[in-house]
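Input: a single structure, listed below in C-alpha cells.
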Amino acid sequence: IALDDSLADAHMILGMALYESDWDWRGAEQEFHRALAADPNSAHSMRIYAMYLAATQRFKQAMDEYQRAEKIDPDPKDTDLNICVLLTITRNYDSAIPQCRKVLDESPDNSVAEYYLAASYSYHSCYAEALATAKKGGDSPMFQTEVAIVYARTGNKPAAERILSDLESKRARNPISDYALAEVYSELG
C-alpha cells in the first residue's frame, strides 16, 4: 500500500488482517471500503467484506454483498457456500437446507457445506437427517460434535457423553474448538 495505494487486493488483505488478527473493526471496514472503491467489480473483495459484515452481525448487508458478488462472478463454488453458512448462522433453516444441498450437488465432498447442512437439520428439529448427514463426516471432531449435539437433543445423553469423552481424550492430538465442546456441554445441560 505504501508503494501503490490503488491496489484493491492489498486493501482487502489488510482489512482481513485488521479484523481477524487485530480486531480493529473500524480500520478493517475502512480498508474494505478502499478495496471496493479501487475495484468495484471485485467479487472476491465483496465476499470477504460480506464475511466481515456477518462477523459484525450485519446479516442483511452481508447477504446483499454476497448477492452483488454473485451477479459479478456467478461461480457458485465461492458464493453459494458463503450463503449456505450465512443462512445457517442467521437461523434461516428453511432456506439454508436447500442452499447447502445446492452446494453439495455442485461439490459433493464439501465438508463445510455438509457440516452446515447437518447443523441446519439439527436446529430445524430434523434429527434423523441431521444425524445421517453428520455421520458422513466420520471421525472428524467437527462432525462428531454435531452427532453428540443431536444425541443430546434427542435424549440419548449416554451416547452424547461418550462422544464428548472421546473428543476430550483426543484433544491434544486432534484439536477441537472450545466453542464446539461448549455446545455439546450446553446441550447436555
Mean projected area (nm²) from the convex hull of Cα positions in the range 86-186 is 6.1
Under the Karplus relation with 6.51, -1.76 and 1.60 and θ = phi - 60°, whole-Hz ³J(HN,Hα) for the range 125-141, x at Gly and Pro, equal 6, 9, 5, 4, 5, 4, 5, 4, 5, 5, 5, 5, x, x, 8, 4, x
Output for the range 3-55: chymotrypsin sites (Phe, Trp or Tyr not before Pro) sitting in coil per DSSP, at most 16 other Cβ within 10 Å, listed by number, reads TRP23
In whole angstrom, the spacing between the Cα centers of the range 129-178 and the range 1-80 equals 34
Number of Lys pairs in the chain closer than 19 Å at Cα, excluding neighbours under 8 places apart unless interchain, is 6
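Measuring with a 1.4 Å probe in the full set of protein chains, what accessible area per residue, in whole Å², belongs to the range 91-167? Don't skip to the answer; put the middle values down first.
On the way: 3680 Å² over 77 residues.
On a per-residue basis, 48 Å².
In whole percent, and with a 1.4 Å probe on the protein chains, what portion of the accessible area of the chain is carbon and sulfur? Working shown, then result.
Working: 5200 of 10180 Å².
Result for the chain: 51 percent of the exposed heavy-atom area is carbon or sulfur.
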Simple spin-label estimate for SER125/ARG26, 7 Å along Cα→Cβ, in nm, reads 4.5
Result for the chain, cysteines with no Cys Cβ partner under 4.7 Å, is CYS126
Quick calc: nm separation of the 7 Å Cα→Cβ label points for ARG162 and ASP178 -> 3.0
Computed over the chain: longest principal axis from alpha-carbon atoms vs helix 76-89 long axis, angle to nearest 10 degrees, is 60
The chain: spread of alpha-carbon positions along the three principal axes, whole Å, largest first, is 59, 34, 25
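Please express the shape of the range 1-108 as an equivalent ellipsoid: the semi-axes are the square roots of 5 times the eigenvalues of the C-alpha gyration tensor, given largest first in whole angstrom. Mind showing how you got there, number by number?
Working: eigenvalues 138, 48, 21 Å².
Square roots of five times the eigenvalues give 26, 15, 10 Å.
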With the dipole of the range 100-189 defined by +1 on each Lys or Arg Cβ and -1 on each Asp or Glu Cβ, the option from ALA130, SER111, LEU164 whose Cα lies farthest towards the positive pole is LEU164
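The values are calculated or read from the model by the stated rules, or taken from the named source; none is laboratory data. This is a predicted model, so every value here is computed, not measured. Don't worry about glycine lacking a Cβ; one is built from the backbone with ideal geometry, like all the others, and counts go over all protein chains shown. To get the accessible areas, we keep the full protein, side chains included, count just its heavy atoms, and leave off ligands, DNA and RNA. Shrake-Rupley method; radii C 1.70, N 1.55, O 1.52, S 1.80 Å.
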